[in-house]
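The values are calculated or read from the model by the stated rules, or taken from the named source; none is laboratory data. The model shown is predicted, which means the values in this text are computed figures rather than measured ones. For neighbour counting, all protein chains shown are included, and Cβ atoms are generated from backbone atoms with ideal geometry for every residue, glycine included.
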Amino acid sequence: MAEEFPSAQVQDQAEFQKSQEDQLNQLLFIVYCLLIFAIGIAVLGIANTMALSVYERTREFGLLRAVGMSKRHLKRSVRWEAIIVSVFGATLGVAVGVPLGIAVSIALPESFVNGIQIPINTIVVVLLASIVVGIIAAIGPARRAAKLDVLEAISAI
């Protein structure tokens with residue numbers, strides 16, 4: 001009977017399941033690539049936010065330096081602010097993404113999804129990576145804040 005349909009493939013249940021898993025793994029690979037692009041965009045967004053923050057708070061940083069804050073402490077405060085922003089964003093993404101993923105898997109038929117599995121290891125890696133992303137994104141703005149001339153910063157409008 002299969003001879004009537006030359007493009008048809010005869011598969012047993014294990015082969016069919018393997019082919020479906022391969023298709024799902026391709027989709028998962030695409031999702032991970034998009035995640036990498038999103039992280040790159042997040043780095044640019046955090047760096048831009050921190051650069052604007054430093055620019056807008058030039059006078060405040062000048063006053064902090066005038067009353068005794070060292071360049072090292074100023075860099076550290078800018079870095080910590082970037083880390084807080086990035087971790088908050090990652091946590092918010094996980095808090096929204098996990099329930100949405102669960103909702104999608106519940107909406108799919110049982111023949112397609114065997115069960116729900118939350119990738120705790122991946123979530124932990126993403127949260128730790130957000131700390132690294134925050135540090136990397138803050139390098140430029142922290143240096144700029146530390147290099148501000150105190151008198152020019154105080155007189156800035």
Those residues that are surrounded by 13 or more Cβ atoms within 10 Å (Cβ to Cβ) and within 30 Å of Phe16 (Cβ to Cβ), I need them from region 99-127; list them, please. Gly101, Ser105, Val113
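Of all residues being touching a helix residue (DSSP H, G or I) at 6+ places or on another chain (Cβ under 9 Å) and surrounded by 10 or more Cβ atoms within 10 Å (Cβ to Cβ) in region 1-27, which is nearest to Ser111 (Cα to Cα)? Just the residue, please.
By that ranking, first place goes to Gln11.
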Which of the helices (runs of 4 or more DSSP H) found entirely inside region 57-157 contain at least 2 residues meeting this: under 28 Å from Cys33 (Cβ atoms)? 71-107, 120-146
Quick one: in region 45-88, which of the residues that are acidic (Asp, Glu) and within 28 Å of the chain's Cα centre (by Cα) is farthest from Val124 (Cα to Cα)? Glu56
Check region 74-90 and report whether any residue there is modelled with pLDDT under 90, acidic (Asp, Glu) and surrounded by 11 or more Cβ atoms within 10 Å (Cβ to Cβ). yes
